[in-house]
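Chemist: Before anything else, here's the structure in question.
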Amino acid sequence: MSEWKAKRFWTDVTVDEVDGGAQVLLDGRPVRTPAKAPLIVPTRAFAEMIAAEWEAQVEGIDPTSMPATRTANAAIDKVRVQRAEVAAMLAEYGGSDLLCYRAERPDALVLRQAERWDPLLEWARDALGVRLTTAVGVMPVAQDPAALDVLTNRVSALDPFSLSAFHDLVSLSGSLILALAVADRRLTGAEAWALSRLDEDFQIEQWGADEEAAEHSAIKRTAFLDAERFFHALAHV
């Protein structure tokens, strides 16, 4: 028996500029979040992305095909009411950033990590004023509290919508530094994702790919690139 899906009930999808940003209209009626709040987003560019998702629904509505809508819903219904907690949670990644934990062996992996991750830590030092310490292995390494304060302030300055997109950049990559590099256009999303997968890709080179793991990774990569698109769309008023 097939799973029931809500059917498309509208004909026209339009975007209207309103106080506070822009909203999507279905046959002239504004879209609302699951909590029934008006779905008003800061920029027309992001509203257009949401509108494209609603327009793409043919018969049954598939929420999994609507990442921009989900990001907006999360920003309004969840992040807006607990912004400080979300920002603090993401800032904590700075204390255990992926780029700071290096392999002990083999030498080829050690060298690859240094060649590809060190430039990002140097960028964080020069552009963000953040010096992070690296360590070999998985044992926690204490980071300079002043550096963590800088990272916390940077994340805390994001509005709820940008913070919602930024959440996926951080959580999917495991690196606050990579997420900030994407946010500041130091890296493209594709470049940052490849750097976050450096260890896994090295293992695949040695032992081959697992089909199920590859499919899961592809899904996460798509979500990461979506988050990049949304973050930059939200930055353009």
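Chemist: For residues that are surrounded by 12 or more Cβ atoms within 10 Å (Cβ to Cβ) and over 24 Å from the mean Cα position of the chain (by Cα), scanning just the range 135-156, find the one that is farthest from LEU98 (Cα to Cα).
Modeler: The residue in question is ASP144.
Chemist: Moving on to the next point. Restricting to the range 72-91, name every residue that is in a helix (DSSP H, G or I) and either farther than 24 Å from LEU148 by Cβ or more than 16 Å from the chain's Cα centre (by Cα) (or both). Give the steps one after another, and end with the answer.
Modeler: Initially, the range 72-91 is screened for residues in a helix (DSSP H, G or I), giving 72-77, 79-81, 83-91.
ALA72, ASN73, ALA74, ALA75, ILE76, ASP77, ARG80, VAL81, ALA84, GLU85, listed by residue number.
Chemist: Does the range 102-113 hold any residues that are within 16 Å of VAL141 (Cβ to Cβ) and of a type in the set (Gly, Ala, Ser), and which are they? I'd like the intermediate steps shown before the answer.
Modeler: Of the range 102-113, the ones within 16 Å of VAL141 (Cβ to Cβ) are 102-104, 113.
ALA103, the sole residue that qualifies.
Chemist: While we're looking at this one, here's another question. What's the number of the condition ILE40 fails, among (1) touching a Gly at 6+ places or on another chain (Cβ under 6 Å); (2) surrounded by fewer than 17 Cβ atoms within 10 Å (Cβ to Cβ)?
Modeler: (2) is the only condition that ILE40 fails.
Chemist: State whether one or more residues within the range 32-46 are assigned to a helix (DSSP H, G or I), over 16 Å from the mean Cα position of the chain (by Cα) and more than 30 Å from GLU205 (Cα to Cα). Before you say what the answer is, go through the steps one by one.
Modeler: Here is the first cut: in the range 32-46, the ones assigned to a helix (DSSP H, G or I) are 44-46.
Still in the running and over 16 Å from the mean Cα position of the chain (by Cα): 44-45.
Subset that is more than 30 Å from GLU205 (Cα to Cα): 44-45.
Within the range 32-46 (the criterion being assigned to a helix (DSSP H, G or I), over 16 Å from the mean Cα position of the chain (by Cα) and more than 30 Å from GLU205 (Cα to Cα)), the answer is yes, since at least one residue qualifies.
For every residue, the table says whether it meets (1) buried (at least 17 other Cβ atoms within 10 Å of the Cβ); (2) part of a loop (DSSP other than H, G, I, E, B).
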position: VAL110; (1), (2): no, no
position: GLN113; (1), (2): yes, no
position: PRO119; (1), (2): no, no
position: TRP123; (1), (2): yes, no
position: VAL130; (1), (2): yes, yes
position: THR133; (1), (2): no, yes
position: LEU158; (1), (2): yes, yes
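Chemist: Same structure again: With (1) outside any helix (DSSP H, G or I); (2) surrounded by 16 or more Cβ atoms within 10 Å (Cβ to Cβ) as the list, and VAL170 as the residue in question, which single condition is left unmet?
Modeler: It is condition (1) that VAL170 fails.
Chemist: Examine the range 57-70 for a residue that is surrounded by fewer than 18 Cβ atoms within 10 Å (Cβ to Cβ) and either in the same structural domain as THR222 (by TED's automatic domain parsing) or of a type in the set (A, V, I, L, M) (or both), and state whether such a residue exists.
Modeler: Yes.
Chemist: So, one more: Condition (residue is buried (at least 17 other Cβ atoms within 10 Å of the Cβ), assigned to a loop (DSSP other than H, G, I, E, B), acidic (Asp, Glu) and modelled with pLDDT of 95 or more) applied to the range 92-99: is it met by at least one residue? Reasoning before the result, please.
Modeler: Of the range 92-99, the ones buried (at least 17 other Cβ atoms within 10 Å of the Cβ) are 93-95, 97-99.
Checking which are assigned to a loop (DSSP other than H, G, I, E, B) leaves us with 97.
Subsequent filtering for residues that are acidic (Asp, Glu) retains 97.
Within this subset, residues satisfying the condition of being modelled with pLDDT of 95 or more are 97.
Looking for residues that are buried (at least 17 other Cβ atoms within 10 Å of the Cβ), assigned to a loop (DSSP other than H, G, I, E, B), acidic (Asp, Glu) and modelled with pLDDT of 95 or more, one finds at least one in the range 92-99, hence yes.
Chemist: Suppose we filter the range 21-31 for residues that are β-branched (Val, Ile, Thr) and either farther than 13 Å from ALA47 by Cβ or within 23 Å of the chain's Cα centre (by Cα) (or both); how many remain? Break it down stepwise before answering.
Modeler: Here is the first cut: in the range 21-31, the ones β-branched (Val, Ile, Thr) are 24, 31.
Narrowing further to those that are either farther than 13 Å from ALA47 by Cβ or within 23 Å of the chain's Cα centre (by Cα) (or both): 24.
Total satisfying the criteria: 1.
Chemist: Counting just the residues of the range 9-24 that are charged (D, E, K, R) and not in a strand (DSSP E or B), which one comes out surrounded by the most Cβ atoms within 10 Å (Cβ to Cβ)? Outline the logic, then answer.
Modeler: Narrowing the range 9-24 to residues charged (D, E, K, R): 12, 16-17, 19.
Now drop any that are not not in a strand (DSSP E or B), which leaves 12, 19.
Details: ASP12: 9, ASP19: 5.
If we take residues in the range 9-24 being charged (D, E, K, R) and not in a strand (DSSP E or B), then ASP12 is surrounded by the most Cβ atoms within 10 Å (Cβ to Cβ).
Chemist: Still on this structure, please answer the following. Looking at the structure I just gave you, is ARG125 of a type in the set (Lys, Arg) and in contact with a helix residue (DSSP H, G or I) (Cβ under 8 Å, 6 or more places away or on another chain)? Steps first, please.
Modeler: Numbers: of a type in the set (Lys, Arg): yes; in contact with a helix residue (DSSP H, G or I) (Cβ under 8 Å, 6 or more places away or on another chain): no.
Criteria not met by ARG125.
The values are calculated or read from the model by the stated rules, or taken from the named source; none is laboratory data. This one's a predicted model, so the numbers in the text were calculated from it and none came from an experiment. In this analysis, Cβ positions are derived from the backbone assuming ideal geometry, glycine residues included, and neighbour counts consider all displayed protein chains.
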